[in-house]
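The structure appears below as structure tokens.
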Amino acid sequence: MSKIFKYELKIILLKPYTFAFTIIALLYSYYILSTETILGVSDTAPFSGWSFGKYLGDTTLVSMLTTLFVMATLFSKKQKSVNVLTDVTGFPIRKRILIRNVIIGGYFLLNNILIFITGCVFLGVIFGEVYPGVYIADWLLITIPCLLIILGFGNLLGRMNPVLIYIFMAVIILMAFIMKEFSIDINGANYYEVMSGALESLKGGETPFTIAPTFLFTRLVYLIIGAATLVGVTIKSGQISKRA
């Protein structure tokens, strides 16, 4: 098991572009913090839950796209030819899928943890104001549904055709920038901007951070869809391997 894990870790993450993606995510994080978050979202404080949530959503978009790109490489023709050779070892396909999901999911979570830390350090140094409890709630609401969507749809589409993963990446980008007022973007950034702006217009000033039930419902829907897709793909793959 450990040998398989080390092998999968090597072919998935121990490549120059995975480290480059992490650096890009962190540089983008600093850019967002220093150009947008520092000004505050909809005139809210830069260290408010609104501003930090918007920052996390924006940077998670980049983290999602880079992780999906890494997943797409696993289903390339070259990698599939390698898999044919490794499959003769008789190692259960479901365990291999689990290992790959742990590695890819871990990569996404690591990037988002680094993004979280970067934001906290920046706000702490510049403003001396940090609200860990609020920020962790933002992080969980944004990161966990995105994680399951990545693993669920990445595995599903990759097994059909890796090109579909790139199309899905384009869909994610479109959802992030089109119909902002509905806050249906998978990365969750639009809620923080739209809701804080709406509350400011309604009450005539900055309002305390709040998580609307509609936003919770949206995140729960994405979480359930991602989890169901992942479980379905895993079960289906196991059944196919048994027939083979």
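The values are calculated or read from the model by the stated rules, or taken from the named source; none is laboratory data. The structure displayed is predicted, hence computed values, not measured ones. Positions of Cβ are backbone-derived with ideal geometry, glycine not excepted, and every protein chain shown enters the neighbour counts. Ligands, DNA and RNA are excluded from the accessible area calculation, which covers all protein heavy atoms including side chains. Shrake-Rupley method; radii C 1.70, N 1.55, O 1.52, S 1.80 Å.
Cβ-Cβ distances below 6 Å connect the following pairs, each with a first residue in the stretch 100-127 that is among the aliphatic types (A, V, I, L, M), a second residue that is open to solvent by 40 Å² or more (accessible area, probe 1.4 Å) and not in a helix (DSSP H, G or I), and a separation of six or more residues or different chains: LEU123/PHE47; LEU123/VAL130.
Of the residues making up the stretch 98-132, those that are of a type in the set (Gly, Ala, Ser) and modelled with pLDDT of 95 or more are GLY105, GLY106, GLY119, GLY124.
Every test in (1) surrounded by fewer than 17 Cβ atoms within 10 Å (Cβ to Cβ); (2) of a type outside the set (Ser, Thr, Tyr); (3) touching a residue at least 40 places away in the same chain (Cβ under 8 Å) is passed by GLU8 save one, and that test is (1). Taking the stretch 56-78 as the range and being farther than 22 Å from PHE177 by Cβ and buried (at least 19 other Cβ atoms within 10 Å of the Cβ) as the test, the residues that pass are VAL70, MET71, LEU74, PHE75. Of the residues making up the stretch 18-55, just one is in contact with a Pro (Cβ under 9 Å, 6 or more places away or on another chain), open to solvent by less than 20 Å² (accessible area, probe 1.4 Å) and without any contact (Cβ under 8 Å) to a residue 40 or more places away in the chain, namely GLY40. Going through the stretch 123-140 one residue at a time, which ones are of a type outside the set (Gly, Ala, Ser) and open to solvent by 30 Å² or more (accessible area, probe 1.4 Å)? Hits for the stretch 123-140 are VAL125, ILE126, PHE127, GLU129, VAL130, TYR131, PRO132, VAL134, ILE136, TRP139, LEU140.
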